[in-house]
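Okay, structure first, notes after.
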Amino acid sequence: MTVNFKKSYKFALKSSTYITLFSFGVLYIFNYYFLKVSLWYIVLYAIMLFIFSFFVLQFRVEHFIYRRVKKIYDDVSLLENVSFRNQPVTTDMATLTKEVQKFARDKKLEIETLKIREEYRREFLGNVSHELKTPLFTVQGYLLTLLDGAMDDKNIRKKYLQRAEKGVERLIYIVKDLDMITKLETGDLNLNLSEFNIIEVIQNVFDLLEMRAAKKHITLTFDTHYKHPIKVIADQEKIQQVITNLVVNSIKYGKEGGTTEVSIEDLVSNKAIIRITDNGEGIEKHHISRLFERFYRVDKSGARSEGGSGLGLAIVKHIIEGHNEKIYVESEFGVGSEFSFTLEKAK
């Protein structure tokens, strides 16, 4: 805490004025009826009384009240409030009241933030437990069945081992995404910036997800035929992951026979915006603000049947923000959704 002492003379000045006026009044009345002393002596006495009172009161404030106020500062500073500790000690009650009220507001906000984080932590741990528990129990169930005698049947053995393998793959998928998002959230995002053609990256994603989209008869397409390459500056591998996650989501929540369309537009002179639009089920408004939270699912039951770790959009957000870019969501329930993000264009 700052050692300097912020002095206040208001208390001593007002108190001395009140004492002087009262004494002057009493002495004047007493003199009028009894003493008959010259008025100048009374005025001189009042001035001397004012000066004496002022200095005595100021001294008492600075040495008596100050010690007690300083103790309040010292006690409060133990709560590690930096802004309060850095304030000079004051005996001005109005200033002190404002500082304590500000300190109380800061602490209240801090406590509320901690409560929100604690609730978020509990929810996160519950989600992690649920996501890991499902494939673990699945694998355990198939293996126990095999150990109980089903292993002797070649057909059942092969089928159950294949299903167990899928459960292990899902575990690996979740763990990898958890590892990635942990690195992203701790700022351990090493970007390998380069200049590349964003159209080629999107086409690569289309090629990778073509069979997955075909199962739901969803068409992956550009909004138009781009004759010339569009060069951007970013981490190509991570941007491909962003587009992959967004297109996978559009397929997952898309309707049978629907469309996922990607468009690239100029936002400003040095920025391009990539839009991934689908005509799927859409998202209700109250879900949109939480879409990028870890493990948050709009459809608590249906989403898990589609697979995924529940971390895809959280990873997308961290990668885009790691590029100092923005991501946006627009959706109308029952009509479709559009996810878009910006990238820096190459000169």
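The values are calculated or read from the model by the stated rules, or taken from the named source; none is laboratory data. Just so it is clear, the structure is predicted and the values come from calculations on it, not from any experiment. Cβ: placed from backbone, ideal geometry, glycine included. Neighbour counts: every protein chain shown.
Only one of the listed residues (ASP207, ASP177) is in the same structural domain as ILE273 (by TED's automatic domain parsing), on the phi < 0 side of the Ramachandran plot and of a type outside the set (Ser, Thr, Tyr). That residue is ASP207. Just one of (1) farther than 15 Å from TYR328 by Cβ; (2) not in a loop (DSSP other than H, G, I, E, B) fails for GLY282. It is (2). Taken over region 186-226, the residue count meeting the criterion of being without any contact (Cβ under 8 Å) to a residue 40 or more places away in the chain and either under 20 Å from ASN270 (Cα atoms) or acidic (Asp, Glu) (or both) is 6. Taking the criterion of being buried (at least 16 other Cβ atoms within 10 Å of the Cβ), more than 24 Å from TYR9 (Cβ to Cβ), in contact (Cβ under 8 Å) with a residue 12 or more places away in the chain and not small (Gly, Ala, Ser), would at least one residue in region 51-63 satisfy it? Within region 51-63 (the criterion being buried (at least 16 other Cβ atoms within 10 Å of the Cβ), more than 24 Å from TYR9 (Cβ to Cβ), in contact (Cβ under 8 Å) with a residue 12 or more places away in the chain and not small (Gly, Ala, Ser)), the answer is no, since none of the residues qualifies. Residues that are free of Cβ contacts under 8 Å to residues at least 60 places away in the same chain and either under 14 Å from VAL329 (Cα atoms) or assigned to a helix (DSSP H, G or I) (or both) within region 240-257 comprise GLN240, ILE243, THR244, VAL247, ILE251, LYS252, listed in sequence order.
Every residue in region 265-274 that is under 29 Å from the mean Cα position of the chain (by Cα) and either outside any loop (DSSP other than H, G, I, E, B) or of a type in the set (Val, Ile, Thr) (or both), please. Within region 265-274, LEU267, VAL268, LYS271, ALA272, ILE273, ILE274 meet the criteria. Among (1) of a type in the set (Val, Ile, Thr); (2) modelled with pLDDT of 80 or more; (3) surrounded by fewer than 20 Cβ atoms within 10 Å (Cβ to Cβ), where does VAL316 come up short? Only one criterion in (1) of a type in the set (Val, Ile, Thr); (2) modelled with pLDDT of 80 or more; (3) surrounded by fewer than 20 Cβ atoms within 10 Å (Cβ to Cβ) is unmet by VAL316, namely (3).
The set of residues from region 214-232 being hydrophobic (A, V, I, L, M, F, W, C) and either modelled with pLDDT under 90 or in contact with a Gly (Cβ under 8 Å, 6 or more places away or on another chain) (or both) comprises just one member, ILE218. Going by what's in this entry, would THR260 be described as polar (S, T, N, Q), more than 30 Å from PHE137 (Cβ to Cβ) and in a loop (DSSP other than H, G, I, E, B)? Considered against the rule, which asks whether it is polar (S, T, N, Q), more than 30 Å from PHE137 (Cβ to Cβ) and in a loop (DSSP other than H, G, I, E, B), THR260 comes out as no. For region 27-50, taking the residues that are of a type in the set (Ser, Thr, Tyr) and assigned to a helix (DSSP H, G or I), the one that is farthest from SER15 (Cα to Cα) is identified as TYR33.
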